[in-house]
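Only one structure is covered here, and it is reproduced in the block below.
The values are calculated or read from the model by the stated rules, or taken from the named source; none is laboratory data. Here the structure is a predicted model, which means the values were calculated and not measured. Neighbour counts run over all protein chains shown; Cβ positions are idealised from the backbone, glycine included.
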Amino acid sequence: SQTIHQWPATLVQPVGSPLSLECTVEGTSNPNLYWYRQAAGRGLQLLFYSVGIGQISSEVPQNLSASRPQDRQFILSSKKLLLSDSGFYLCAWKRGPSSGNTIYFGEGSWLTVV
Amino acid sequence: ILNVEQSPQSLHVQEGDSTNFTCSFPSSNFYALHWYRWETAKSPEALFVMTLNGDEKKKGRISATLNTKEGYSYLYIKGSQPEDSATYLCALAGGTSYGKLTFGQGTILTVHP
């Protein structure tokens, strides 16, 4: 069976510090991978998606970047965090290209920038 | 930008009540409509993926319908239980092959014993 894990679960970081959130998927190959964020009082917003190693698409301009160094690994990064980066970050995966396939989410990471 | 609206924003019901809520979306460029159940401190759990106009799906006491021509989907819960308390999210997948989802704000359901 397929599993998805992301870490750390909780993070408190000062403004201007770097960020690295990591996500890995097991039990499948060549998944589509996604990073979503829920900021306070807002719905889930897609930040990045990837259809293959090294292929990253950004959905919204922001202070964050994503990388996919291996097939089942997706990393969310920032060089210098802003207060507005605080939120709940969710990694997700999907099998294949069809938009009708279910998307499965990781456990989420709470980021508080202070 | 796709606009997905959910109503009501929150709902309080008594145990045993049946309830329903709405997801509205633009009917153009529709590919699929996803429903998720999201409990606090857990990851969103997929309930349904619906693609065809007139689709009806059921999972236990939860069911959903889809009208792509008028751009809405209903989620029904029959005989609500306290464990049904969660945020229910709908998300629209547009006509691309990448599975990008546009989420609504969610409906927060609280079932009181």
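Meeting the requirement of 2 or more residues that are more than 9 Å from chain A (Cβ to nearest Cβ) and polar (S, T, N, Q), the strands (runs of 3 or more DSSP E) wholly within the stretch B:17-66 are B:19-24.
Do we have any residue at all in the stretch B:83-98 that's away from every other protein chain (no Cβ under 14 Å) and part of a loop (DSSP other than H, G, I, E, B)? Checked against the condition, which is being away from every other protein chain (no Cβ under 14 Å) and part of a loop (DSSP other than H, G, I, E, B), the stretch B:83-98 yields at least one hit. Would you pick out the residues in the stretch A:81-107 that are among the hydroxyl-bearing types (Ser, Thr, Tyr) and at pLDDT 90 or above? Correct list: A:Ser84, A:Ser86, A:Tyr89, A:Tyr104. The number of residues in the stretch A:55-69 being farther than 21 Å from A:Asn30 by Cα and within 12 Å of chain B (Cβ to nearest Cβ) comes to 1.
List the strands (runs of 3 or more DSSP E) that sit entirely inside the stretch A:1-95 and contain at least 3 residues that are in contact (Cβ under 8 Å) with a residue 60 or more places away in the chain and surrounded by fewer than 20 Cβ atoms within 10 Å (Cβ to Cβ).
Working: elements: A:3-7, A:10-13, A:19-26, A:32-38, A:44-52, A:55-58, A:65-70, A:73-78, A:87-94.
Fully inside the stretch A:1-95 and qualifying: A:10-13.
Annotation: of all residues in the stretch B:1-16 being among the hydrophobic types (A, V, I, L, M, F, W, C) and assigned to a loop (DSSP other than H, G, I, E, B), the one that is surrounded by the most Cβ atoms within 10 Å (Cβ to Cβ) is B:Val4.
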